[in-house]
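In what follows, a structure is listed as structure tokens, so that the remarks can point back to it.
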Amino acid sequence: MIKKQFINFAIIAICFIFSGWAQDQSVIEQIVSEANEKSQLEILGQELMDGIGPRLVGTPQMKQAHDWAVDKYSQWGVSARNESYGTWRGWERGITHIDMLSPRIQSLKGTQLAWNPSTSKKGVTAAVIVLPTVSSPEEFQNWLPLVKGKLVMISSLETTGRPDYNWEEFATEASFEKMKSEREAANNAWRENMKNTGFTSRSIIEALENAGAAGIVSSYWSKGFGVSKIFSARTKKIPTVDLELEDYSMVYRLALRGENPVLNIVAQSKDLGEVPTFNTIAEIRGSEKPEEYVILSAHFDSWDGGTGATDNGTGTLVMMEAMRILKKIVPNPKRTILVGHWGSEEQGLNGSRAFVEDHPEIVSQVQAVFNQDNGTGRVVNISGQGFLHAYDYIGRWLHEVPQDITQHIETNFPGTPGGGRFRLCFLCCSWCPSI
Ligand SMILES: [Zn+2]
């Protein structure tokens, strides 16, 4: 099912690119049949996501992924290079173990956040403390010295660990409504209390570290069964770990009830100093107007809590597969087709911004940009992104996409402008609230 969706993405992308300058039906048929019958997506996905794994900027795996992409393109006869555009903090994740030692022994599910310094091999063993309910910043300041030598739990206690769709399916309407109103009240109370501390949920971390906390324990639930979001640590010296919702909730309740839970956190990692960052750029030169560009774009980097498949391994693979098929079926396009696998989107569009700054000669000659960053769901909507003539172009391009794909896609013209440097046509799906 998922594989088929990727193939559909690839077909949409290629038909869009190709239909811009030719209406040769047999070529379109060859493209569709290459995508459907000789797809490389599963192999590419396995090598990139399972094999190399997540692609956090500044890690050796990110560099490995850039080299892998260049190697793949060269196997397909497509010229490719890694363009260094700056530097970032080099870091490599090690093994994280989080164990509850008291009031009983239990290994907990969790991991260190990115760029967090390593603990010693023995790790940090400390009692847990939760944030207090306070009515003023002064009251919070009076409490603050208590964090010295403690692991501070900084996330709220979730009302439920079941996603809403599960409640909708199995709960009564009344109990679902009750849960939602309790959750809303709890969230409001949490926000109000955070305001009363005089800090935000981010700035409080620095205050806790400065006050001598032994570590920070958080939980950022992704609103699905057993899934958390793993971003970067805000502490400079002490460990910050994310615990999966059920384990976090259990430790939190034990602390609230005064049962003094004690955790041991071993979170190893390597600081690799400052390292260069890259974009992988590949291109098929145009035969008639090589100075004009059609750009395929997808960010290559990911966070490193998972394998970076959803965000944005899938977009990366679609663009690679599109290039492979184009090189095979349409090796001499009219304009130059350039693909940018951006190196550091998650930290603020750094890779694509650097490309724009470094290549005014390309950017001034861009005819169309196709960016993808919509996860693993199917394409459900294509927006004109506010471009006045979007309908003329996208309508024509969509006409070349097989109907068994387009019949499920809604279009929205002219649509509203999207963000980012590159925008002409973004493929949108049900997974992502916005792009
Ligand atoms: Zn993304």
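The values are calculated or read from the model by the stated rules, or taken from the named source; none is laboratory data. What you are looking at is a predicted structure, and each value in this text was computed from that prediction instead of being measured. Counting neighbours? That spans all protein chains shown, and the Cβs are built from the backbone with ideal geometry, glycine included.
Quick notes on this structure:
- When restricted to residues that are more than 13 Å from Glu92 (Cα to Cα) and touching a Ser or Thr at 6+ places or on another chain (Cβ under 8 Å), the range 46-64 contains 3.
- The range 379-411, subset surrounded by 15 or more Cβ atoms within 10 Å (Cβ to Cβ) and of a type in the set (S, T, N, Q), residue modelled with the lowest pLDDT: Gln385
- For beta carbons closer than 6 Å, sequence separation of 6+ or different chains, a first residue in the range 349-374 that is modelled with pLDDT under 90 and a second that is surrounded by fewer than 18 Cβ atoms within 10 Å (Cβ to Cβ), the qualifying pairs are Asn374/Cys432.
- Of the strands (runs of 3 or more DSSP E) lying entirely inside the range 310-429, those containing at least 3 residues that are more than 30 Å from Thr87 (Cα to Cα) span 379-383, 410-412, 425-429.
- Residues of the range 281-316 classified as farther than 23 Å from Asn8 by Cα, away from the ligand (no atom under 16 Å from the Cβ) and touching a Lys or Arg at 6+ places or on another chain (Cβ under 8 Å), total: 8
- Check on Trp190, over 26 Å from Ser222 (Cβ atoms), aromatic (Phe, Trp, Tyr) and assigned to a helix (DSSP H, G or I): no
- Listed by position, the helices (runs of 4 or more DSSP H) enclosed by the range 40-153 that each have at least 2 residues that are within 30 Å of the chain's Cα centre (by Cα) are 41-45, 60-75.
- In the range 193-202, the residue that is farthest from Ser135 (Cα to Cα) out of those that are touching an Asp or Glu at 6+ places or on another chain (Cβ under 9 Å) and not in a loop (DSSP other than H, G, I, E, B) is Thr197.
- Residue match in the range 121-128 (condition: within 28 Å of Val57 (Cβ to Cβ), among the hydroxyl-bearing types (Ser, Thr, Tyr) and not assigned by TED's automatic domain parsing to the domain that holds Val57): no
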